[in-house]
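A short write-up of the structure that comes next.
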Amino acid sequence: MPLDQPVRPTPGGYEIHCGPTRTSGTLGATVLWEGLRIGITNAHILPFKGEAVFQPNCLTHRYARKIGNVEGVSAGRLYPNEQAYFADVENREDALYDFAYFQALPAETSTRIAGGIYDGPWGLLHGWLGIDPVPLQLREPKLGEEVRWIGKATAAVRTGRIVDLDHWGFIQRTRDPDRFVGMAGMIRMEPLGGPSQAGDSGAALVATTDQRIVGLYCGATADEKFDLGSKIPANAFELGSSTPVSQELARERYEKYRTKPKEQQVLR
């Protein structure tokens, strides 16, 4: 059963929606980041800074409520299609993250993650009085480690093993056809138990070894052999970072993309 119903306070794994668009996806988690209590998800779920965030989808649920406003969105030049990216010789750049956040009020979100992925430290008071558990900490992902996540569409815990920390591909920022961005340094994961679904974007990738959040689920290769995730910026300064793409590198990518599109194209 999808996690698309109103829940207050809302744990990670449940549906959220950006008000002025038709984009909806998964609240990854509520965390402490730069001293702020924030909700984190993908930039292609919350693409516009300052816009309202609802839980769940305010277009389809009469009891949807506003839970905050988008505070920050990762940088990245938008293109109408993949060919425009390859043709942009002068200004071509890659985003480094598919990340957005909103300031989360304690009454509206919970630092718990659905599916038993994270319930906070065990304790009598926490269980009886409903005290919000301690937020999960963030760290860099590691090659070869296993991660778990739960998205609102699949509504089941998925597991994957990180096999690449420098994957490149396209992300569709919104469901509009003119919102493609090239993205470098993605996390590529070998799924252990089947891929996620459209709508699971934004789910927090939680390491099985130490319960640290190491990234956000953001898509899959077109052949569904691999799941893909975004790293999380260390601070607000990194949130605005992007990287220029040389003509030589773009030419190499184009040959790979042209001959093996299923290995490059990211579904959303």
* Asked: Looking at (1) outside any loop (DSSP other than H, G, I, E, B); (2) touching a strand residue (DSSP E or B) at 6+ places or on another chain (Cβ under 6 Å), can you tell me which one Leu32 breaks?
  -> (2)
* To do: Working only within the stretch 81-107, note down all residues that are surrounded by fewer than 19 Cβ atoms within 10 Å (Cβ to Cβ) and small (Gly, Ala, Ser).
  => Ala84, Ala87, Ala107
* Asked: Out of (1) touching a Leu at 6+ places or on another chain (Cβ under 7 Å); (2) at pLDDT below 95; (3) part of a loop (DSSP other than H, G, I, E, B), the odd one out for Gly199 is which?
  -> (1)
* Cβ-Cβ under 7 Å pairs, at least 6 apart or on other chains, the stretch 126-143 side modelled with pLDDT of 60 or more, far side part of a helix (DSSP H, G or I) -> Ile131/Leu125; Pro133/His126
* What are the pairs, 6+ residues apart or on separate chains, where a residue within the stretch 233-260 that is within 24 Å of Phe99 (Cβ to Cβ) and part of a helix (DSSP H, G or I) has its Cβ under 8 Å from a residue that is among the polar types (S, T, N, Q) and at pLDDT 85 or above? -> Leu239/Ser74
* Could you please tell me which pairs satisfy a Cβ distance under 7 Å, a separation of 6+ or placement on different chains, a first residue in the stretch 66-89 that is over 18 Å from Met183 (Cβ atoms), and a second residue that is assigned to a strand (DSSP E or B) and of a type in the set (Gly, Ala, Ser)? => Lys66/Ala52; Gly68/Gly39; Asn69/Ala52; Val70/Ala100
* Could you please give the count of residues in the stretch 72-91 that are in a loop (DSSP other than H, G, I, E, B) and not small (Gly, Ala, Ser)? => 8
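How about the stretch 49-62: which of its residues are in contact with a Pro (Cβ under 7 Å, 6 or more places away or on another chain) and at pLDDT below 90?
Our first condition is that a residue be in contact with a Pro (Cβ under 7 Å, 6 or more places away or on another chain); within the stretch 49-62, this holds for 51, 55-56, 61.
Residue satisfying the conditions is His61 alone.
The values are calculated or read from the model by the stated rules, or taken from the named source; none is laboratory data. This is a predicted model, so every value here is computed, not measured. For neighbour counting, all protein chains shown are included, and Cβ atoms are generated from backbone atoms with ideal geometry for every residue, glycine included.
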